[in-house]
1. Mind checking which pairs have a first residue in segment 46-59 that is of a type in the set (S, T, N, Q) and a second that is not in a loop (DSSP other than H, G, I, E, B), Cβ under 6 Å, 6 or more apart or different chains?
2. Count, please, the residues in segment 116-147 that happen to be over 27 Å from residue 188 (Cβ atoms), in contact with a helix residue (DSSP H, G or I) (Cβ under 9 Å, 6 or more places away or on another chain) and not charged (D, E, K, R).
3. Every residue in segment 91-115 that is touching a helix residue (DSSP H, G or I) at 6+ places or on another chain (Cβ under 9 Å) and among the small types (Gly, Ala, Ser), please.
4. Quick check: is even one residue across segment 52-69 surrounded by fewer than 19 Cβ atoms within 10 Å (Cβ to Cβ), over 26 Å from residue 19 (Cα atoms) and not small (Gly, Ala, Ser)?
5. I want to confirm something. Restricting to segment 95-109 and keeping residues that are of a type outside the set (A, V, I, L, M, F, W, C) and out of contact with any Pro (no Cβ under 8 Å at 6 or more places or on another chain), which single residue is surrounded by the fewest Cβ atoms within 10 Å (Cβ to Cβ)?
6. Go through (1) over 19 Å from residue 6 (Cα atoms); (2) in contact with a Cys (Cβ under 6 Å, 6 or more places away or on another chain) and name the single condition residue 184 misses.
7. Kindly check whether there is at least one residue in segment 115-130 that is within 31 Å of the chain's Cα centre (by Cα), over 28 Å from residue 172 (Cα atoms), surrounded by 14 or more Cβ atoms within 10 Å (Cβ to Cβ) and in contact (Cβ under 8 Å) with a residue 60 or more places away in the chain.
8. If a residue counts only when it is more than 30 Å from the chain's Cα centre (by Cα) and closer than 21 Å to residue 191 by Cβ, which strands (runs of 3 or more DSSP E) contained entirely in segment 1-101 have at least 2 such residues?
Amino acid sequence: MLYDLNIPWSPSTTTLSLDRTLTFAHHLGYRTVALTHTLPPPIPASIPNPLPTLPPSEGRPTVLRRVTVPISDPSINHRLPQLHAAYDLVALRPTTERAFAAVCTSLSCEHFSLISLDLTAFFPFHFPPRTCMAAVSRGLRFEICYGQFVGARRDDARGRSNFLANVAGLIRATKGRGIVVSSEARDVLGLRGPADVVNLLAVLGLGTEKGKAGMAEMARGVVVNEGLGRRGFRGVVDVLGGAGPVREVEKGEGEEGNKKQKKQKGPNQQQGQQQAKEKGQQQPEGGKGKDKGQQGQKRRSEESEDAKEAGNAPVSKRQAKKMKLAHQKGKASEA
């Protein structure tokens, strides 16, 4: 299943244009999409959610509601818990180096799951690998929106070059891990098929498998984790049909239980246990292996004595040679 977690929406978006975009996205194979509303700070106390609620339809994908918040100063209260409660997905878009470091390392990641950068902008800093990998290890995902490159204006050559450089730097810093691929298509013409998107990112250094995972497994993980965060509370799990309360064993209760078990056993079982104990007491400390070795030596010595008495004692090679020489000398003397 393919996901597109960034389809921009604004109050000026018409119903016809939105319906055409969603229908074409479903035709390309995207089964879950997210309508994105950009909410610049300061965030009001009453959180608005102007995104339309669309009922499920056969020719249309499942529609989620997402908010993207630009951040330049991490010390400002952006009301992330309230945004997390009002929207299905929350993404942050840092615009400064300080905000980028705070979003990746120190800012609580309980209320957002995506780091969505405007890759057409010029950043006066590089993407540090340690900072980026710290964000990935915390469960955050970086979003690459190919619509920023495909839908750029013809005269915006600077923006396209910034996009190529920023994507290559982000892939290098993260080693291709934790990347979600979205469209950010402002109209139906900005959408592309999954094969075209994978080929574009492969040119920029992202592997084919990781490019496919960015539209499937990685995006699905973001949606599932956000859903679990809303349905659960601090990792609480419902246990159905669990074990009953554990009863503490008092002193002497174990011995009484053993006595009852002995009484319940039949006389034959008790006799068998007593015989086994007697055999174990009679057995020497050397163990069973030592007894078997001694029995084998006794048996071999008895067999050798019987063979000597019968005249069939075993003869070594030296003795056989001496006997042969003596026999030859005897024949020579007789001749």
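Laboratory data are not the source of any read-out in this text; all were calculated from the coordinates shown. Not measured: the values here are computed from a predicted model. No Cβ is skipped: glycine too gets one built from the backbone with ideal geometry, and neighbour counts run over all protein chains shown.
1. Note: pairs meeting the criteria are 49/86.
2. Within segment 116-147, residues that are over 27 Å from residue 188 (Cβ atoms), in contact with a helix residue (DSSP H, G or I) (Cβ under 9 Å, 6 or more places away or on another chain) and not charged (D, E, K, R) number 16.
3. 101, 108, 113
4. Among the residues of segment 52-69, not one is surrounded by fewer than 19 Cβ atoms within 10 Å (Cβ to Cβ), over 26 Å from residue 19 (Cα atoms) and not small (Gly, Ala, Ser), which makes the answer no.
5. Restricting to residues being of a type outside the set (A, V, I, L, M, F, W, C) and out of contact with any Pro (no Cβ under 8 Å at 6 or more places or on another chain), the top hit is 108.
6. For residue 184, the exception is condition (1).
7. no
8. 30-38
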